[in-house]
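For reference, the structure discussed in these notes is given below.
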Amino acid sequence: MQTAEAAYRPNLLLHALLFVLTFFSIAWTCAAFAYDPVVLERIAASSGFLEAQLHHIVLGLPYAILLSLFFLAHEFGHYFAARAHGVVATLPYFVPMPLLGFGTFGAFMRMRSPIESRRVLFDIGVAGPLAGFIVALAYLIIGTIAFPGIEAIRLIHPEYGGIGSLPTWGIHFGGFLLLDIVAAVFTTHGSIAPPSNELYHFPLLAIGWVGMLVTSLNLLPFGQLDGGHITYAMFGGRQKVLGRWAARLMLIAGLGFVASLLLDATRTASPDPVYTFLRGVFGPPLEWIDRNASWWFKGSPMWLVWSLIVRLVVGVAHPPIPDETPLNRGRMVLGWIAIAILVLTFSYSAIYEVARTS
């Protein structure tokens, strides 16, 4: 009878093809996101179609290189931990997602042989997020130290020339505790911290932020996510309780975004009966929340999407493991470090847009 390792033969061509497609998908999508459309239109107008697309991809190469390295660190953290324990794992499958988000839905790998103990489950589960976190943290620190300052932003946005301070409209990368700490420690004297609505112009900062977002999502304590593996290995069946509470909180955060839309509707000065009904029923409680807990409205719609993914795909509870021997003290400490990383990198608002008012 063949062992799982003997039976598994990686399709190297498929893995390579998915990686290349994802790499160029990231490059093209990030260039479209980070550069002024006028610049891209000028490139297209001054050259042929193929030359314009090539130039477009070249602009996005720094983003593609940095994000690919982050995902490689994360996935091969899992891979080498699995190999160290004799667990057969596939090479990473990269998932291209052209024109959406950052051009990829990330990467994943599959275990081809069972994980028999909480110790092995923990080691494999924690290795990926820790490896990716180290890479993303390096990006943020180097990007903050190397941030060229306000004049570089004015060069990118000539239309800001007549504005005294930088505008706050546009696409914002939501804050999180670790981002504030990095900005406080590594912003050089006399300079400013990188504005959250300008991060996407700077590859190290943008991809460092994305890496932290991906790390925090993976560390959520749900079913087959890394956080589910880690918390099950640490707490056994109590992981299910953590997962249920996290799912409820995630849903509440997502509903905050829906409530913000409803609040805007109640403030619409329209005689339409629908708006009149909304003002009468929802206006007073939403205005009270806006005065006393306005942070709720800043929740991201992403949390609603993740609520569906958790319910329909990932699951809340982790399946049982044959060997339920508790972790040793060293692994428990490392597990609490992983939980601390989740707290430090969690972004309630994720990516959001502030409309220009004038």
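The values are calculated or read from the model by the stated rules, or taken from the named source; none is laboratory data. Everything numeric in this text was worked out from a predicted model, so none of it was measured. Heads up, the Cβs are rebuilt from the backbone with ideal geometry, glycines too, and the neighbour counts pull from every protein chain shown.
For the reader, a short list of remarks on this structure follows.
- Taken over the stretch 273-306, the criterion of being among the charged types (D, E, K, R), more than 30 Å from PRO221 (Cβ to Cβ) and in contact with a helix residue (DSSP H, G or I) (Cβ under 9 Å, 6 or more places away or on another chain) is satisfied by ARG279, GLU287, ASP290.
- Subset of the stretch 222-238 (residues that are within 21 Å of the chain's Cα centre (by Cα), part of a helix (DSSP H, G or I) and of a type in the set (Gly, Ala, Ser)): GLY227, GLY228
- The single condition from (1) hydrophobic (A, V, I, L, M, F, W, C); (2) without any contact (Cβ under 8 Å) to a residue 40 or more places away in the chain; (3) more than 30 Å from VAL314 (Cβ to Cβ); (4) crowded, with 17+ Cβ neighbours inside 10 Å that ALA184 fails is (4).
- Identity of the residue in the stretch 336-358, within 22 Å of the chain's Cα centre (by Cα) and part of a loop (DSSP other than H, G, I, E, B), that ends up surrounded by the fewest Cβ atoms within 10 Å (Cβ to Cβ): TYR348
- If the condition is being assigned to a helix (DSSP H, G or I) and within 11 Å of ALA259 (Cβ to Cβ), then the stretch 284-302 contributes PRO285, LEU286, ILE289, ASP290, SER294, TRP296, PHE297, LYS298.
- Selection of the stretch 164-179 for residues being at pLDDT below 85 and of a type in the set (Gly, Ala, Ser) yields GLY164, SER165, GLY170.
- Subset of the stretch 272-314 that is among the aliphatic types (A, V, I, L, M) and touching a residue at least 60 places away in the same chain (Cβ under 8 Å) - its residue that is nearest to LEU225 (Cα to Cα): VAL314
- From VAL333, VAL241, VAL305, residue being in a helix (DSSP H, G or I) and more than 21 Å from VAL126 (Cβ to Cβ): VAL305
- Top-ranked residue in the stretch 117-163 [being aromatic (Phe, Trp, Tyr) and modelled with pLDDT of 85 or more; ranked as farthest from GLY335 (Cα to Cα)]: PHE147
- Against the test of being in a helix (DSSP H, G or I) and either surrounded by fewer than 19 Cβ atoms within 10 Å (Cβ to Cβ) or free of Cβ contacts under 8 Å to residues at least 12 places away in the same chain (or both), the options ALA265, ALA269, ALA193, ALA246 yield a single qualifying residue, ALA265.
- Any hit, the stretch 315-326, residues being part of a helix (DSSP H, G or I) and either within 19 Å of GLN224 (Cα to Cα) or free of Cβ contacts under 8 Å to residues at least 40 places away in the same chain (or both): no
- Screening SER260, SER216, SER300, SER294 for residues that are under 24 Å from ALA81 (Cβ atoms) and surrounded by 12 or more Cβ atoms within 10 Å (Cβ to Cβ) leaves exactly one candidate, SER216.
- Number of residues in the stretch 289-344 that are under 23 Å from GLY237 (Cβ atoms) and of a type in the set (D, E, K, R) equals 5.
- Sole exception among (1) surrounded by 15 or more Cβ atoms within 10 Å (Cβ to Cβ); (2) outside any helix (DSSP H, G or I); (3) touching a residue at least 40 places away in the same chain (Cβ under 8 Å) for LEU99, by number: (1)
- Qualifying residue in the stretch 232-241 (condition: within 17 Å of LEU308 (Cβ to Cβ) and crowded, with 20+ Cβ neighbours inside 10 Å): no
- Lone qualifier among ALA184, ALA206, ALA146, ALA138 - being over 16 Å from ALA340 (Cα atoms) and touching a Cys at 6+ places or on another chain (Cβ under 8 Å): ALA206
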